[in-house]
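The values are calculated or read from the model by the stated rules, or taken from the named source; none is laboratory data. Quick caveat: nothing in here was measured; it's all calculated off a predicted structure. Reconstructed Cβ throughout: ideal geometry from the backbone, glycine too, with neighbour counts over all protein chains shown. To get the accessible areas, we keep the full protein, side chains included, count just its heavy atoms, and leave off ligands, DNA and RNA. Shrake-Rupley method; radii C 1.70, N 1.55, O 1.52, S 1.80 Å.
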Amino acid sequence: MSFETLANWVHNWLYETLHPTVALLVEFAIVGVLIIGLFAVLGLVLVMMERKVSSWMQLRLGPNRIGPWGWFQTVADTLKLIVKEGMTPNNVDKLLFNMAPMLVIVVSMVIMAPIMFAKGIQIWDINIGVLFVAAVSSLSIIGVLMAGWASNNKYSLLGAMRSGAQIVSYELSAGLSILVIVVLTGSLKMSDIVMAQADGWWLFKGHVPAIIAFVIFIIAATAETNRAPFDLAEAESELTAGFHTEYSGMKFALFFLAEYVNIFVVCAIGATLFLGGWMPFHIGNWEGFNHVMDYIPSSVWFFGKTFLLIFVIMWFRWTFPRLRIDQLLSLEWKYLLPISMFNILLVTIIALAGWHF
Amino acid sequence: MGAGSLIALAIAALAFAGIALSISKLVLKASTNKQKGEPYECGVPTKGASRIQFNVGYYLFALIFLIFDVELVFLYPWAVVVKNVGWVALVEILIFFFILFLGLLYAHKKGALEWK
């Protein structure tokens, strides 16, 4: 039984047995609980994956004491964070200081709404899906700036300002590379974008501009999630921890969790736009081949692609040295932005002439 | 599921954060001492105010960003209909990009894209 039939069955059963309003509320509650569960699992898995990938890249063992191959290390870390004191230092702006982690976590949860996790599994198929993601993701910078300003700490303030300049700059090229796919598809809806890739993913169908856009999107995604080599907002050797220097205990854990969930969200968007989301690997009208590929469940395809992109972003961390702020800004404003502007023109010509497959 | 799902997700997020924070409040043993509330600056006592002046360059980049972000918002509706409108859309966006690119060149010439 696939996820889609299960979800439809639950939906129909609720509406048959309960009053429609109550059924809707129950559905909201189920979605909320499921998303909280996804959050917790993603946090545990991604932190573990990060540490295992790091150790693998550096030829060391990584966490290997707790549980089989150290897989329960993150559970132990979470327990430790729960019993740590989430202190509020003197002279901080108490309201903003405590609100910032909440805001960041709300943003990273609301952004989950238009993502298609599998065939038919989507919280809200909003007709401006991609624009919604771009709009909501830029809200998280407000949380970062709030945390940096409220902390009453020089490191935090500098880290927040750097983070602001960086996220704001790279949003432009991320948005322009998303637009390439919107031009090719002619729709902002996530389900339409996925269905348009039924005979091949945009990365392969979209000619040169789709490939350029994919590369730019990955760079911008790395920068927007403050990952190395763009991690100068929380560069350990310069600013201890950047905007969350003063945070401890559960408040720090919320920032940390939101950061990893944001990596997942960005990679999920990249997988949906360029690699076809839950759509299996199809080649044009090769009926037999496409049928074989359809046997792999859609959720496996989606999470496989997403985790592949996450692995690539983790790979970057151990490959490139950290950039300076002037290098970071000139990379965006002098290279990526003009390139992605010309890329838009190129894709328009290709889409209008019908040269894409 | 409609726009209500966004409110449901926001409430779920707040509930998640609230539960996590209150569990840790229940479990932890808080302690106080004189230096615990000081700003963390690697053990060195803080000098002066912590909310210091920072480089004006951040504001410059924020201003340029604002222009380009508004341009990006204009491009979204264009991108949706470009296939239906046809080659006229390309000509129009060429004019739009030409003006915009002049702006970027001007900012570059003025040195606004250099970090000082």
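Laid out as a table, the results:
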{"item": "For chain A: relative contact order, % (alpha-carbon pairs under 8 angstrom, 6 or more apart)", "result": "22"}
{"item": "1.4 Å probe, heavy atoms, protein only - residues of segment A:72-98 losing at least 20 Å² accessible area vs chain alone", "result": "A:Ile82, A:Val83, A:Glu85, A:Met87, A:Asn90"}
{"item": "Chain A - percent of accessible surface contributed by carbon and sulfur, probe 1.4 Å", "result": "71"}
{"item": "Cross-link pairs beyond the 28 Å C-alpha cut-off, checked among A:Lys251/B:Lys36; A:Lys52/A:Lys80; A:Lys205/A:Lys305; A:Lys189/A:Lys251", "result": "A:Lys189/A:Lys251"}
{"item": "1.4 Å probe accessible area per residue over segment B:3-110, in Å²", "result": "66"}
{"item": "Two-decimal log10 I(q)/I(0) for segment B:3-110, as the Debye equation yields it once each C-alpha is a single scatterer, q = 0.15, 0.17, 0.20, 0.21 Å⁻¹", "result": "-0.94, -0.98, -1.08, -1.11"}
{"item": "Surface accessible to a 1.4 Å probe, per residue, for the residues of segment A:91-353, Å²", "result": "32"}
{"item": "Pairwise FRET efficiency - B:Ile11 versus A:Ile211, Cβ, R0 = 30 Å, nearest 0.05", "result": "0.15"}
{"item": "Label-point separation, A:Leu6 to A:Phe320 (7 Å along Cα→Cβ), nm", "result": "3.8"}
{"item": "Span-like helix ranges in chain A, DSSP H, alpha carbon extent 20 angstrom or more, Kyte mean at least 0.0", "result": "A:20-57, A:94-110, A:154-185, A:207-224, A:249-274, A:298-317, A:337-353"}
{"item": "Complex-versus-alone comparison for segment A:166-180, residues with a loss of 50 Å² or more in accessible area, probe 1.4 Å", "result": "A:Val168, A:Leu172, A:Leu179"}
{"item": "Interface size B-A, as summed buried accessible area [1.4 Å probe, Å², nearest 100]", "result": "6600"}
{"item": "Heavy-atom accessible area, 1.4 Å probe, ligands and nucleic acids excluded: residues of segment B:60-81 down by at least 30 Å² from chain alone", "result": "B:Phe61, B:Phe65, B:Phe68, B:Leu72, B:Tyr76, B:Trp78, B:Ala79, B:Val80"}
